[in-house]
Amino acid sequence: MPPQLSRLMIAFGLLVVLFIVVRWVAQPDSFYQYGHYRGKALSELASAPVKFIPRATCAECHEDQAKQNAAGPHVHISCQSCHGPGSDHVDNPTAENIILPVVGQTCVRCHAQNAARPASFPQIDVKDHAGKKQCTDCHVTHNPQEFREEDKKADHAE
Amino acid sequence: MPNNDHQDLILPEGCDTCAAKTGSGKTRRDFLKLLGQATVVLTAARFGASAAGATETPPAEAHVAEQWDLHKWGMAVDVEKCIGCGRCVVACKAENSVPKEPTYFRTWVERYREYEDDVVVDSPNGGYDGFPADDGGRTPDRAFFVPKLCNHCDKAPCVQVCPVGATFKTPDGAVLVDASYCIGCRYCIQACPYGARYLNPVTQTADKCTLCYHRIHKGLKPACVENCPTGARIFGDLKDPNDPLRKYLHDHKVFVLKQQLNTYPKVFYYGIDKEVR
């Protein structure tokens, strides 16, 4: 074999070895464990912390509100849907790390008249329905189909 | 004679144009030596890293191969129940630390208003702040909200184009992004026909809905499903014949978005019109 050819083959062989080494160094251990990706990424992504805690946890401390809520039409709505994620609040219950919703904005977010809402969904024309009153002036906060005692016989709108 | 031929092939020293020399004045021999040294160093580094890893990581924390193919996750969206309150958008951003600014959404809500002669589609801030009632004095013939998210396609274009294997389909059907492996080339963002991806401005990696992978593997529902007040989103396991999602898909005439693209989405819509894209 001519020496220039053998030298070329040695150089080529060296490059192949280097490629294999670089690949071996650069490729994470769990690559191709399940497919063309890092297998460890699955458990890493699955182990991220949860911010919206299970619903039943809220009722452990806030019994009255949970009871009110359970008796009304909002029973299927998660507390955290209005109050925001509760993971911090469970670790350290203060008023700062949970959302206390602004009453007027929270109710109309769902119940203001909007043509795109399903016709069967209860909607109100806010000005016509409430005037200058707040929703919770008449409605019980966590069970809005109940009305506050003093307002039961009063005229609804101003 | 062959030796003489060989002698003829040796080029004179100091030749500027000869192939044996590189532009920097280094010989091929030097380059080959460098390759050899690099091989040795890399091998040593690898052995060093694995030795250090073995001592630092206790075996209990080492990656344990779990069974990831027990489920096949999917979602149904009942458009006739959606009230466009945007609680799903708010919940998603809170749960997954999605940037608060507009244009970054893992899920968002669109409003379709069909008039006699045209269709108006809007999504102010993705529905994060709800929808204004204003119809400009016109009453639409039909109007409805369509929550959107990653469709977790069975044949996902984003997975196909990723050059490094950072986007992948898990054995249980979710399409995820390995942020530690993503190089931020944005190719997947262009490839997604549903516009479900964005480049996270903090990490500079591609980001998208994970079906709340960290929640569903703890037995919880995704944050958007958990916080939907009307139950417009139904999440479940397509492999389980007794799952409510399977029953829902059986009982309702559902559609997928952009069916003609053959991406085989695992997010199913009930009650949408042909205008929905």
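The values are calculated or read from the model by the stated rules, or taken from the named source; none is laboratory data. This is a predicted model, so every value here is computed, not measured. No Cβ is skipped: glycine too gets one built from the backbone with ideal geometry, and neighbour counts run over all protein chains shown.
B:Cys162 is checked against (1) at pLDDT 95 or above; (2) touching a Gly at 6+ places or on another chain (Cβ under 9 Å); (3) over 30 Å from B:Arg111 (Cβ atoms) and fails just one. What number does that condition carry?
Going through the list (1) at pLDDT 95 or above; (2) touching a Gly at 6+ places or on another chain (Cβ under 9 Å); (3) over 30 Å from B:Arg111 (Cβ atoms), B:Cys162 breaks only (2).
Can you tell me how many residues within the stretch A:89-115 are closer than 17 Å to B:Val90 by Cβ, exposed (fewer than 14 other Cβ atoms within 10 Å of the Cβ) and not β-branched (Val, Ile, Thr)?
2
Output the residues belonging to the stretch B:157-172 that are touching a strand residue (DSSP E or B) at 6+ places or on another chain (Cβ under 7 Å), surrounded by 23 or more Cβ atoms within 10 Å (Cβ to Cβ) and touching a residue at least 24 places away in the same chain (Cβ under 8 Å).
B:Cys158, B:Ala166, B:Thr167, B:Thr170
Considering the stretch B:82-103 alone, what residues qualify as being within 10 Å of another protein chain (Cβ to nearest Cβ) and either in a loop (DSSP other than H, G, I, E, B) or β-branched (Val, Ile, Thr) (or both)?
B:Cys82, B:Ile83, B:Gly84, B:Cys85, B:Gly86, B:Val90, B:Ser97
Among the residues of the stretch A:134-146, count how many are loosely packed, with under 15 Cβ neighbours inside 10 Å and assigned to a loop (DSSP other than H, G, I, E, B).
Qualifying residue count for the region: 1.
Tell me, which residue of the stretch A:85-133 that is at pLDDT below 90 and over 30 Å from B:Val79 (Cβ atoms) is nearest to the other protein chains (Cβ to nearest Cβ)?
The residue in question is A:Gly131.
Could you tell me whether the stretch A:58-72 includes any residue that is closer than 26 Å to B:Val90 by Cα, touching a Pro at 6+ places or on another chain (Cβ under 7 Å), touching a residue at least 60 places away in the same chain (Cβ under 8 Å) and of a type outside the set (Asp, Glu)?
yes
With respect to A:Ala116, determine if the residue is outside any helix (DSSP H, G or I) and of a type in the set (Gly, Ala, Ser).
yes
So is B:Arg215 basic (Lys, Arg) and more than 14 Å from every other protein chain (Cβ to nearest Cβ) or not?
no
Quick check on the stretch B:126-145: of everything there that is part of a loop (DSSP other than H, G, I, E, B) and touching a residue at least 40 places away in the same chain (Cβ under 8 Å), which residue is surrounded by the fewest Cβ atoms within 10 Å (Cβ to Cβ)?
Filtering the stretch B:126-145 for residues that are part of a loop (DSSP other than H, G, I, E, B) and touching a residue at least 40 places away in the same chain (Cβ under 8 Å), the one surrounded by the fewest Cβ atoms within 10 Å (Cβ to Cβ) comes out as B:Asp129.
So that you can scan it fast, the table gives a plain yes or no per residue for (1) modelled with pLDDT of 95 or more; (2) within 9 Å of chain B (Cβ to nearest Cβ); (3) closer than 30 Å to A:Cys82 by Cα; (4) surrounded by fewer than 11 Cβ atoms within 10 Å (Cβ to Cβ):
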{"position": "A:Pro2", "(1), (2), (3), (4)": "no, yes, no, no"}
{"position": "A:Gln27", "(1), (2), (3), (4)": "no, no, no, no"}
{"position": "A:Gly39", "(1), (2), (3), (4)": "no, yes, no, no"}
{"position": "A:Ser47", "(1), (2), (3), (4)": "no, yes, yes, no"}
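Out of all the residues in the stretch B:198-221, which are within 21 Å of B:Gly126 (Cα to Cα) and either among the acidic types (Asp, Glu) or in contact (Cβ under 8 Å) with a residue 60 or more places away in the chain (or both)?
Residues satisfying the conditions are B:Tyr198, B:Asn200, B:Pro201, B:Val202, B:Asp207, B:Lys208, B:Cys209, B:Thr210, B:Leu211, B:Cys212.
Which of the following residues is touching a Ser or Thr at 6+ places or on another chain (Cβ under 6 Å) and within 14 Å of chain A (Cβ to nearest Cβ): B:Cys228, B:Cys224? Before you say what the answer is, go through the steps one by one.
Details: B:Cys228 fails: touching a Ser or Thr at 6+ places or on another chain (Cβ under 6 Å).
Within the list B:Cys228, B:Cys224, the selection yields B:Cys224.
Given the structure, is A:Gln123 touching a residue at least 60 places away in the same chain (Cβ under 8 Å) and within 22 Å of B:Cys228 (Cα to Cα)?
No; evaluated as a whole, the condition is false for this residue.
For the stretch B:165-243, list the strands (runs of 3 or more DSSP E) that sit wholly inside it and hold at least 1 residues that are aromatic (Phe, Trp, Tyr) and at pLDDT 95 or above; which are they?
Fully inside the stretch B:165-243 and qualifying: B:167-169, B:233-237.
In a helix (DSSP H, G or I), closer than 30 Å to B:Ile83 by Cβ and either more than 9 Å from every other protein chain (Cβ to nearest Cβ) or touching a residue at least 40 places away in the same chain (Cβ under 8 Å) (or both): is that true of A:Cys82 in this structure?
For A:Cys82, the condition - in a helix (DSSP H, G or I), closer than 30 Å to B:Ile83 by Cβ and either more than 9 Å from every other protein chain (Cβ to nearest Cβ) or touching a residue at least 40 places away in the same chain (Cβ under 8 Å) (or both) - is not met.
Out of curiosity, is B:Tyr187 touching a residue at least 60 places away in the same chain (Cβ under 8 Å) and away from chain A (no Cβ under 14 Å)?
Numbers: touching a residue at least 60 places away in the same chain (Cβ under 8 Å): no; away from chain A (no Cβ under 14 Å): yes.
Here the answer is no, as B:Tyr187 does not meet what is asked.
What number of residues within the stretch B:199-225 satisfy the criterion of being under 26 Å from A:His74 (Cα atoms), charged (D, E, K, R) and in contact with a strand residue (DSSP E or B) (Cβ under 9 Å, 6 or more places away or on another chain)?
The total comes to 1.
Would you say A:Pro54 is closer than 28 Å to B:Ala223 by Cα, surrounded by fewer than 11 Cβ atoms within 10 Å (Cβ to Cβ) and facing chain B (nearest Cβ under 10 Å)?
So A:Pro54 does not fit the description; no.
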